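The values are calculated or read from the model by the stated rules, or taken from the named source; none is laboratory data. Since this is a predicted model, take the numbers as computed values, not measurements. Here the Cβ is made from the backbone with ideal geometry for all residues, glycine too, and neighbour counts use every protein chain on show. These area figures cover heavy atoms from the full protein model, side chains too; ligands, DNA and RNA do not enter into them. Shrake-Rupley method; radii C 1.70, N 1.55, O 1.52, S 1.80 Å.
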Amino acid sequence: MSRTTLQHYMKLLAPGTPLRAGIDRILHSGTGALIVLGFNRQVKQVSSGGFQIGVDFSEQALRELAKLDGAIIVSNDLSRIVSAGVHLVPPGDIPTAETGTRHRSADRTAQATAVPVVTVSASMGTVSLFIAGRRHVVEKASDVISRANQTLAAMTSLINRLQEALDQLNSLEVAEQVTLRDLVAVAHRYELARRLSAETEFHIEVLGVEGRLLKMQHAELAAPLGGLSTLIASDYAHNLDDAQEFQLENLQNFTPEELMNNHLVAQRLGFGPDAYLETPLESVGYRMLTTVGRLPRHVVDLLVPKHSLQELFAASVGELMRIEGIGDRRARLIRDALLRISETAFARSDTA
């Protein structure tokens with residue numbers, strides 16, 4: 001089962017959705033339920049008895065029909081309640097680790113039909129999603145919020161460390177002193193921050209309407225990650241014989257332990273198993289000019305890769321104006337941006 005599939009159904013069970021509202025009503029009434037989230041030929045085969053309902057889905061109807069013994073079956077788009085009071089009889093030889101009657105039936109039904117099944121346990125006050133042979137507990141919003149806040153705190157720390165590495169990279173690019181080790185340090189921190197960002201997004205989706213504040217906090221915090229991998233690839237891929245091999249996305253299936261290994265990271269970025277970490281690298285300048293110099297991307301495209309960073313830093317307004325597509329006003333804008341980059345980089349190096 002893919003993470004995307006799990007996210008889809010967790011979003012359907014998020015606070016504020018009609019399905020979750022109906023489940024909350026069932027919990028508050030002290031009754032349980034078995035809800036099949038879809039209807040196909042396989043579901044029909046494992047169904048016995050019950051009542052054909054065929055009514056529009058509503059939280060009130062779900063609550064009332066949960067009073068009947070048996071399962072409730074809803075349509076694939078969750079817009080209608082197909083039947084209720086259904087006895088589910090999946091094959092008894094399907095392996096399951098569940099012991100309770102309701103949970104065991106839900107697990108086997110989900111495996112036999114490839115349709116997710118939700119159980120509501122009144123005695124335990126829990127909601128579980130069974131999908132592809134696995135059970136996922138639908139946590140209370142307060143528990144998810146607590147974990148999301150912890151993830152945001154860790155992400156804040158990593159974003160700060162990533163920014164420190166990028167600031168250091170700026171200074172090194174201005175001085176033409178970037179090495180593979182410096183690039184690996186940025187790639188490592190970027191990937192860790194990206195993972196925490198993805199985890200936070202998952203928590204926000206699970207929270208539904210309860211995650212609005214977290215969503216705003218995350219959006220502001222994750223802003224520096226937007227487009228960063230593309231800019232870094234634009235700057236450094238040309239250092240490889242095959243520029244297409246350079247992809248920060250290649251690190252996504254690395255374990256945390258593997259990410260700590262600089263040589264493995266360098267290899268995955270395309271620099272080979274015998275890469276020397278002190279190998280000097282040359283930056284084209286896309287990231288620096290775009291993010292630090294705050295120049296529009298179409299202006300940056302006029303400057304690189306036809307001109308090296310050092311040529312740009314040494315260029316006067318008149319020399320910049322001789323570049324096709326750059327007039328007096330734009331040349332002064334570029335010159336101011338380059339001065340700002342230099343001053344920031346040298347000030348940081350003096351502080352260090």
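Descending by average beta-carbon neighbour count within 10 Å, the peptides 91-97, 10-16 line up as 10-16, 91-97, the highest first. The residues of the range 59-218 expose on average 45 square angstrom of accessible surface per residue, using a 1.4 Å probe on protein heavy atoms.
Amide hydrogen proximity for VAL82: with H placed 1.01 Å from N in the peptide plane, the residues at 5 or more positions away or on another chain lying under 5 Å are GLY54, ILE73, VAL74, SER75.
Counting only other residues whose beta carbon sits under 12 Å from that of GLU199, what net charge do I get with K and R as +1, D and E as -1? So the surrounding residues net to +2. Residue ranges 172-185, 222-235 sort as 172-185, 222-235 when ordered by packing (mean number of other C-beta atoms within 10 Å per residue, highest first). Note that the range 176-188 has calculated 3J(HN,Hα) couplings of 6, 10, 6, 10, 4, 4, 5, 5, 5, 4, 5, 4, 4 Hz, one per residue in order, obtained from phi through the Karplus relation 6.51 cos²θ - 1.76 cosθ + 1.60 (θ = phi - 60°); glycine and proline are x.
Shown in residue order for the range 237-242 are the 3J(HN,Hα) couplings computed by the Karplus curve 6.51 cos²θ - 1.76 cosθ + 1.60 at θ = phi - 60°: 4, 5, 6, 9, 5, 10 Hz (x for Gly and Pro).
Dipole magnitude for the chain: computed about the Cα centre from +1 point charges on Lys and Arg Cβ and -1 point charges on Asp and Glu Cβ, it is near 1500 debye. Shape annotation for the range 286-351: C-alpha extents along the principal axes are 38, 21, 19 Å, from largest to smallest. Summing charges over neighbours of PRO256, with a neighbour being any other residue whose Cβ is under 11 Å away from its Cβ, gives -2 when K and R count +1 and D and E count -1.
From most to least packed by mean Cβ count within 10 Å, the peptides 152-165, 133-146, 105-118 give 105-118, 152-165, 133-146. Think of the range 143-271 as having a plus end and a minus end, set by charges on the Cβ of Lys, Arg, Asp and Glu; of TYR190, TYR236, GLN150, GLN150 sits farthest toward the positive end of this dipole. The candidate values are (1) 84, 45, 37; (2) 58, 50, 43; (3) 67, 49, 37; the one derived from this structure for Cα extents along the principal axes in Å carries the label (1). Whole-Hz Karplus values for the range 277-290 come out as 5, 8, 4, x, 10, 10, 9, 6, x, 4, 5, 5, 5, 7 Hz, taken residue by residue from phi with 6.51 cos²θ - 1.76 cosθ + 1.60 and θ = phi - 60°; glycine and proline positions read x. Protein heavy-atom surface of the range 206-352, 1.4 angstrom probe: 52% of the accessible area is carbon and sulfur, with nucleic acids and ligands not counted. Over every Cα atom in the range 29-135, the radius of gyration and the widest Cα-Cα span, Dmax, amount to 12.6, 36 Å. The amide H of GLY133, built 1.01 Å from its N in the peptide plane, has GLN111 as neighbours under 5 Å, considering only residues 5 or more places off or on other chains.
Which GluC sites (Glu not before Pro) in the range 36-103 pass both tests, a DSSP loop state and at most 14 other beta-carbon atoms within 10 Å? The partial results should precede the final answer.
Numbers: sites: GLU59, GLU64, GLU98; in loops: GLU98.
Loop-located and lightly packed - none at all.
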